[in-house]
1. Condition first: closer than 24 Å to residue 437 by Cβ and surrounded by fewer than 24 Cβ atoms within 10 Å (Cβ to Cβ). Now tell me which residues in region 280-303 satisfy that.
2. Which of the residues spanning region 47-58 are buried (at least 24 other Cβ atoms within 10 Å of the Cβ) and within 10 Å of residue 224 (Cα to Cα)?
3. Only helices (runs of 4 or more DSSP H) wholly contained in region 238-351 count here; list those with 3 or more residues that are modelled with pLDDT under 85 and either out of contact with any helix residue (DSSP H, G or I) (no Cβ under 7 Å at 6 or more places or on another chain) or assigned by TED's automatic domain parsing to the domain that holds residue 378 (or both).
4. Restricting attention to region 385-405, does a residue exist that is at pLDDT below 90, outside any helix (DSSP H, G or I) and under 26 Å from residue 162 (Cβ atoms)?
5. Output the number of the condition that residue 176 fails; it satisfies all remaining conditions of (1) surrounded by fewer than 22 Cβ atoms within 10 Å (Cβ to Cβ); (2) farther than 27 Å from residue 378 by Cβ.
6. For region 125-183, give me each residue that is under 22 Å from residue 216 (Cβ atoms), at pLDDT below 85 and out of contact with any helix residue (DSSP H, G or I) (no Cβ under 7 Å at 6 or more places or on another chain).
7. Pairs only if they're at least six apart or on different chains, beta carbon under 6 angstrom, first in region 184-196 and outside the structural domain of residue 71 (by TED's automatic domain parsing), second surrounded by fewer than 19 Cβ atoms within 10 Å (Cβ to Cβ); list them, first residue then second.
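The values are calculated or read from the model by the stated rules, or taken from the named source; none is laboratory data. What you are looking at is a predicted structure, and each value in this text was computed from that prediction instead of being measured. FYI the Cβ positions are ideal-geometry reconstructions off the backbone, even for glycines, and counts take in every protein chain you see.
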């Protein structure tokens, strides 16, 4: 009688294939739920109907790409090129970066208004340019090409230009009942989430090779380019709007005629100081911690830089969340307070320079910059007439981007050692700037009181 056959046991490769298949399906289900959850958040409160959701999705890919580029450049631009050569090259290219904002930015808004789909294509161009530069960078890194710094410059300029072009689009896609502050808070949080998801992927790609991190960024920027072109047509609409000249942002006669109050100008000046410090800290710490790391961190310079700059990111998240939840009733006071706090913490860091104070400074810079920007948005929403609000918002973003570049330029020019010199000079500049802003406010209040008395 034939004995029954024992059931066949799956081979090791079959078991491994089965386990891999189950893991893949589980990952797919998790990713699908994550995408659906993200879409529910971005489309909530009418954002899907107004077009804000598409802008949020595009911005998430934008910040994800920027995070990947930052990871790649941390291992090439700052940590492979000799320090003296890198500082000189970055200083030169930062100087060139100022040109688009000083010359082109005041002209691009009125120019785009004359053409259909102008703003969508302008935003798309900033994305496509970064995609192209990332592809060039990937080749330059692997071949040690001279195109490394020009391509990095292209990414930097396009990133700053994106901030300006996106600023003009935000007011045009606000859902009914949405304020500018609430929209910008949601944009900031979405961008932070995109960077948080992308950075670990970029780090894993860098383990294979930095060029793969840049190719990953290339894919992200290509997707963002498509999303930019698919933004709703309202982004290009300028019906009922008026353009404001850049000179009007200084609270002169033209500014008064345009409805730009002294309070808005004061908030803009405070934010210029905050953004200046952010640019300085990014560049100064990038070279300082590479060349003169803290004791015990000599072999982990990139981690040390990530700790300090990452603290600024955490501060930005805290500031955005707190600003959205608290909604301060006196934003004109908040901007002054955060500028003074920034100056004070920078001075303390200069006096007691160490790992703890450096991380505290990064956290403070991120927190104050976020609160200051939300307060400026609130004042533009409150005090600037609707007919010029979009133009004022875009012009203010141009000036803030230029302030960041100026700060980064100073961060490269000042001596690295002792670090107290660079930090002390920056603290003195911020304190002086805070005094100038406070004096401006005092003069404006005195003039207003004099007019009321005469009346």
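1. Once the filter is applied, which keeps residues that are closer than 24 Å to residue 437 by Cβ and surrounded by fewer than 24 Cβ atoms within 10 Å (Cβ to Cβ), region 280-303 yields 282, 284.
2. 55, 58
3. 253-258, 262-291, 301-326
4. Scanning region 385-405, I find no residue that is at pLDDT below 90, outside any helix (DSSP H, G or I) and under 26 Å from residue 162 (Cβ atoms), so the answer is no.
5. Of (1) surrounded by fewer than 22 Cβ atoms within 10 Å (Cβ to Cβ); (2) farther than 27 Å from residue 378 by Cβ, only one is false for residue 176: (2).
6. 143, 144, 150
7. Partner pairs satisfying both residue conditions: none exist.
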